[in-house]
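First the structure, in the form of structure tokens, and then the observations on it.
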Amino acid sequence: MPEIKFQRVSKIYKPNIKAVDDLNFTIYDGEYISLLGPSGCGKTTTLRLLSGLIKPTIGSILWDGVPVENIDPDQRDIGYVFQQFAIFPHLNVYENVAFGPRVKGMKQVDIEDITEAHLKLVGLQEKSYYFPKSLDAADLQRTGIARVLATGAKTLLLDEPMGALDFKIREKFQDELLRIVKELKLTAIHVTHDQSEGMAISDRIGVMKKGKMIQISSPLDYLYSPKQIFSAHFIGESDFFEGVVVKYLSKTIEIELLGDETLSILTKTNPSILPGDRVVVGVRREFFKIEPLPENYNLEVNCFVGKVISDRFLGEKRRTKVNLEFGRTLEIKRNSNELVFKEGSSVLVRIPEQAIRVFKSPEISLIDELEVT
Amino acid sequence: MSSLDDIRKRYLNFERILSQRPIRILFEILVIFAFFSFVLLPPLNLLKNIITDWNSITELIFRDPILKNTVWLSMFRSIALSFRIAFIVMIIDIMLGIPIAHVLARYDFKGKTIIDTIIDLPLAVPTSALGFSVLLFWGSADGLSKFILAEEGIFSQGPMLLLLGHVAFSFSYVVRNLKGVIEEVDVEIENAARTLGAPPISVFRTITAPMAKEGIIAGAILAFTRSLGETGASLLLAGVYETAPIQIVTFMNGYRIPQAAFLSVILIIISITLLGGVRQYARKVGLPQPKIYPEFERKISAKKIAKTRNGIVSFIFLLLVLIPALFVIFYLIDVWSIGPSGTEEDSAFFEVFLDSDNKWESMQVALITSVEVALIVTIINLSLGIPMAYLLVRRPYWGKWKVVLDMAIDIPLVIPSSALGFAVYLLWGNLGLKLISPGIWLIVLAHLTFTYPFSVRPMINYIENFDYSYYEAGRTLGASDLTTFRRVVFPMLKRGILSSAILTFTRSMAETGATLIVMGNARTVPVFIVDLVESESLSSAAFAAVLLIFISFILLLVVRLVDNPTED
Amino acid sequence: MASIELQNVTVKIGNNILLDNVSLKVDDGAYIGLLGPSNGGPSFVLKVIAGLLPIYSGKIFIDEVDVTDSHPEDRNVGFIFEQFNLFPHLTVLDNILYGPRVKGIDLTTKEREAKEVISMVRLENRESALSKELSGGMQQRTGIARAITAGAKILLLDQPYRALDAKIREEMRFEIRELVKELGMTAIHSTHETEEAMLTSDKIAVFNEGKLLQFDNPETVYKIPVNAFVAGFLAESNKFQVKVKDNSFIIENSKFIVDGYEDGEYVVIIRQIDVDLTSEPLNVVNEFECIIDKIRILGEFIRFTVTINNSLTIIVRELLSLERNNVKNLIGKRAYVNFRPDLIKLFLV
């Protein structure tokens, strides 16, 4: 029943390169956690720290309260699943799965039982005498999963496990993986750069950037109430407006947008935002509402007038680009069966109250804050 | 049943204990110590001897009361000759090697595998056999002269023959190396250059060659050092001329130890300086971007011209390398039953099997000695070399030591083997530690030194290319360091280990220079060939050469089978 | 002017047919998407146009000139690689100037042009970096700048964003399309992602097993696919095999009404996005009561797995909306799905 706790963990490579920087978080027993972030953000390092393949420079990782820095990977009771599978090419599927029990010195009869059971778990009984070179990517990864589970590991560490799988098979594979993890009551930590994979599979997602943990919470939280500008940007797509809090009433605040003093956004108060603060307003692209501009339009709250630049049909959805009057361009995602707008037609863009997220302005410029190279 | 389980469990536990860091490090220190004492210590000891005896040595060489400085002058001449030849050989090898290597690396055509194998053939020919073959082809009336109706050999023994011989034996090494280097440049990057408007010649000059810069320079160094250090073939081709390695042998034969030591040290110092300097230079200095002549390069990239060019290069390869290297086989067929003099008396069959001096018997003894030495050397070097290679690639805690070790491994590569042999003799033999007197065991010690890089370098390569995530998989699945090595790394590297072993074995089988110095009364086949040629028993020499070629060729075939598994 | 035409092009390696009698005409200035599985054909078409893959039969024309036998360096096409393939020993600027250099064009005049291209792809301040110092996105932008500076009028993009992280992919897709349009280039772009093809291209060609199946504008390909493969490849779908009788068919005891199909055996493709999920019945045709079994948040979409009549499993996909903020509470709840008859696609077996 592991509960894993990161306590002020940093991994520093010379000279002064912090691969991960002061990580503090807890993974609870039975949880499925995904680590997401741009390349080089430290997510893979975090996973390798958990495996014991590398050791933290500062801080400690507690496993049910016990520090594990000095425990070698072979003694940690973890299962590591590799992006490129790392299925031993000189052994067949059966022997790959039996590897863990064998090197742990189990009895021959037990090895056989365990191996058979795990081959069955991932549906590879029929292919147990195949060699890796004659398996497709999905079966290789199934072998990889069976192999780590056969060691009796209760914690799964998955390093982009679907990165090498064909696009079309990924959703099916996610279902299989999640079924196994929940059935065996495992704890899983899953590194990916694919946000929808992280969303689909996890109880909680940790978004990392430059070695730091930006936010760690449930998928729905990211979509409906992100806590940081970067995570609102990185998970899904949002548009951001910069502004200043000009009016602060008991229930609402008014934010004047930079660039045009006559435009403002009105929204609920927020304990961390104070009068006069510079803020960033974020709105998820799916949440804008858009309609043809009424003939005699009177100014309404949280509405902007603009012209459609393009309205592209993408099959499952539609992407509409609108140039707002004050010079900003917005992108809006809509259902593909909604009203089609001609290029150049005037529209009214409405921002529903619940869609508005207000963040404090970052210390660096907004562009730098959102940068993912 | 359960007792078997028990034994297994105990064994795993034992491996786990051995995997503990202190024990592992202790073992690694032992490996480094062995490397140091077997490979590095002899040349270092030689250097020490020179320094301690500096005055008496310089007395002998520069200020001899009778000879004055003539010893030094002749040394200088031989060194100059060696370097001149090595330099020209390097240029020829690279100039001819690059087009052949490029075609082999980049194009698919009918018969490619055959040509590939043919290029490698001279690798299988031990240098003394090869030298003999070259001598027959270029230097005797029975060779090329026969076909152009000349009465004598085209070249007499001397620098020109040395040059031809050295090109013949070093060429295949260089092509093999360059081919690997070019293959490492991603074809797609060359394709990118093509789509940007560069014809193939420009692509090679501006993309492939700069990207392969270090490899090409390494190939050049290889050609240079192989030529500089060669003894066996040179002995047969030099005539009255002396290259530096030959002179060391001559000094030894005359028991002129200080002179031999001095010359060895000079060769070692020059070689190491040269090697180190070129490497540093190659790494640090970026070449300027070459100028491009679009019209001209487009023209010579045209298919017809490319074909003609490849044709010319292939012809030169046949004439300079392949035919001379294998000519001895035709010669043997020629003299099998009727010898050069036209009688049966000096035919190969008669000389070897029927003559009174029992050459067949001594040949068998020499062959057994050769195989024994090669086997022992291979086993020792692999058991020292695999852990060393593994340590260099995969043990970060050795830090700076790794850089030093990595350079030190190549040192035997640049030292002429006769100098190395001499250093070994001086350390272990009766002038040094007095542990081992000349004979088979001293031969083993000498061969250990110069084959060491041949077993470690390829291993390093194999281990570097080994995907480390397999090791990590083993560890995270619960196997200790040693268990993972035994069950995962070792089986996956088996192929590499085998081909590394065969390379070591053939190198040892073919060696002449070092053996000559440390052999005492023992004889290996290459030395035996030199003896036979010197005693003018050409037919028997041909027989021994072909025998050695045959054995090495079989080994080479095995290497090729191991290296290119059929995809299945 | 830069038009491209493939006439009955077949490519074979051994007995393996990579392209099977493909004919395709691309007009000057068009942005064409080639869509299909990884080895289904799109990448081979690009390689054939660039001259990097020899063809077995057929002809290729660029600007109405037969280039079937000409070398890659003479075709004047810019190739953008999945793995970028920058020259690792050259800086960004030298990579970009490589084309003019090997063509013997005076670099002093070209250098100013190169700087302009560099600012177009947002690589200022990065001119003297080596490729290993650049992120994937920057490397790919260098690759594009390199092709433009070499004077290419045609850009062949071979899965250009596949090696990039999802977020950067999102940013680059549109940016590059706009750049190509601005410069008036012709572009052909291979991908296995529908959205990428739909978003960037004026017309889409769908391939499978080396064959060109359909070539039309994105909306037509999506809405009127020629066969079940195209229908299923363009969007995640529910797929069944049924017998149609009197304009209706039954799957697992549930009866569906369609319109205008003759009796016979059909493959049914119902896109997940076309299934409508409501909490209250709308009383429309093809409406069924169902139980919501599973809910997956996919980011911009939410995916529901529902069961009709305890036996028929249907997957429903829905664009994220504000109303679904407590969607997880719906697991195990009763709901209603309906299928618009005109969105049910049937293909004769």
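What to note about this one:
- Selection within the stretch B:3-26: residues that are within 12 Å of chain A (Cβ to nearest Cβ) and exposed (fewer than 12 other Cβ atoms within 10 Å of the Cβ). The member of this set that is nearest to residue B:395 (Cα to Cα) is B:21.
- Residue in the stretch B:410-424 that is outside any helix (DSSP H, G or I), crowded, with 21+ Cβ neighbours inside 10 Å and either among the hydrophobic types (A, V, I, L, M, F, W, C) or modelled with pLDDT under 90 (or both) present: yes
- Only a single criterion out of (1) crowded, with 18+ Cβ neighbours inside 10 Å; (2) away from chain A (no Cβ under 12 Å); (3) under 30 Å from residue A:207 (Cβ atoms) is not satisfied by residue C:175, namely (1).
- Residues in the stretch B:214-236 that are in contact with a Gly (Cβ under 9 Å, 6 or more places away or on another chain) and farther than 18 Å from residue B:172 by Cβ: 3 in all.
- So residue C:99, is it in contact (Cβ under 8 Å) with a residue 24 or more places away in the chain and more than 11 Å from chain B (Cβ to nearest Cβ): no
- Of all residues in the stretch C:240-258 being under 14 Å from residue C:287 (Cα atoms) and not in a strand (DSSP E or B), the one that is modelled with the lowest pLDDT: C:253
- Counted residues, the stretch A:33-46 - those being crowded, with 22+ Cβ neighbours inside 10 Å and either within 13 Å of chain C (Cβ to nearest Cβ) or more than 21 Å from residue C:165 (Cβ to Cβ) (or both): 6
- Taken together, the criteria place residue A:299 among residues that are in a loop (DSSP other than H, G, I, E, B) and hydrophobic (A, V, I, L, M, F, W, C).
- Within the set C:275, C:316, C:285, C:306, the sole residue that is in the same structural domain as residue C:335 (by TED's automatic domain parsing) and surrounded by fewer than 18 Cβ atoms within 10 Å (Cβ to Cβ) turns out to be C:285.
- Residues that are surrounded by fewer than 18 Cβ atoms within 10 Å (Cβ to Cβ) and either assigned to a loop (DSSP other than H, G, I, E, B) or of a type in the set (Ser, Thr, Tyr) (or both), drawn from the stretch A:123-153: A:123, A:129, A:130, A:131, A:134, A:136, A:152
- Residue within the stretch A:169-189 that is surrounded by fewer than 16 Cβ atoms within 10 Å (Cβ to Cβ), among the aromatic types (Phe, Trp, Tyr), out of contact with any Gly (no Cβ under 8 Å at 6 or more places or on another chain) and not in a strand (DSSP E or B) present: no
Table: residues versus (1) closer than 22 Å to residue A:244 by Cβ; (2) within 11 Å of chain C (Cβ to nearest Cβ); (3) buried (at least 18 other Cβ atoms within 10 Å of the Cβ); (4) in contact with a strand residue (DSSP E or B) (Cβ under 7 Å, 6 or more places away or on another chain).
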position: A:267; (1), (2), (3), (4): yes, no, yes, yes
position: A:291; (1), (2), (3), (4): no, no, no, yes
position: A:346; (1), (2), (3), (4): no, no, no, yes
position: A:355; (1), (2), (3), (4): yes, yes, yes, yes
position: A:368; (1), (2), (3), (4): yes, no, no, no
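- Of all residues in the stretch A:81-100, those being in contact with a Phe, Trp or Tyr (Cβ under 9 Å, 6 or more places away or on another chain) and among the β-branched types (Val, Ile, Thr) number 2.
- Residue C:79 vs. criteria among the aromatic types (Phe, Trp, Tyr) and within 24 Å of the chain's Cα centre (by Cα): yes
- The single condition from (1) assigned to a strand (DSSP E or B); (2) in contact (Cβ under 8 Å) with a residue 40 or more places away in the chain; (3) under 30 Å from residue C:33 (Cβ atoms); (4) in contact with a Phe, Trp or Tyr (Cβ under 9 Å, 6 or more places away or on another chain) that residue C:296 fails is (2).
- Checklist (1) in a strand (DSSP E or B); (2) over 18 Å from residue C:218 (Cβ atoms); (3) free of Cβ contacts under 8 Å to residues at least 24 places away in the same chain applied to residue A:307, failing item: (3)
- Test for residue B:538: is it aliphatic (A, V, I, L, M), under 17 Å from the mean Cα position of the chain (by Cα) and over 22 Å from residue B:423 (Cα atoms): no
- Apart from one condition, residue A:88 fits all of (1) assigned to a loop (DSSP other than H, G, I, E, B); (2) touching a Ser or Thr at 6+ places or on another chain (Cβ under 8 Å); the exception is (2).
- Within the stretch C:152-165, if we keep just the residues that are under 14 Å from residue C:191 (Cβ atoms) and without any contact (Cβ under 8 Å) to a residue 60 or more places away in the chain, the residue that is nearest to the other protein chains (Cβ to nearest Cβ) turns out to be C:164.
- Strands (runs of 3 or more DSSP E) enclosed by the stretch C:1-77 - at least 2 residues per element that are touching a helix residue (DSSP H, G or I) at 6+ places or on another chain (Cβ under 7 Å): C:4-13, C:16-26, C:31-35
- Some residue of the stretch C:103-121 being in contact (Cβ under 8 Å) with a residue 24 or more places away in the chain and within 10 Å of chain B (Cβ to nearest Cβ): yes
- Single match in A:329, A:320 (criterion: free of Cβ contacts under 8 Å to residues at least 40 places away in the same chain, closer than 29 Å to residue C:204 by Cβ and loosely packed, with under 14 Cβ neighbours inside 10 Å): A:329
- Condition check for residue C:140: of a type outside the set (Lys, Arg), surrounded by fewer than 19 Cβ atoms within 10 Å (Cβ to Cβ) and in contact with a helix residue (DSSP H, G or I) (Cβ under 8 Å, 6 or more places away or on another chain): no
- Candidates C:257, C:291, filtered to the one that is surrounded by fewer than 15 Cβ atoms within 10 Å (Cβ to Cβ), farther than 28 Å from residue A:166 by Cα and not charged (D, E, K, R): C:257
- Identity of the residue in the stretch B:168-196, assigned to a helix (DSSP H, G or I) and among the acidic types (Asp, Glu), that ends up nearest to the other protein chains (Cβ to nearest Cβ): B:188
The values are calculated or read from the model by the stated rules, or taken from the named source; none is laboratory data. This structure is a prediction, so every number in the text was calculated from the model and none was measured. Positions of Cβ are backbone-derived with ideal geometry, glycine not excepted, and every protein chain shown enters the neighbour counts.
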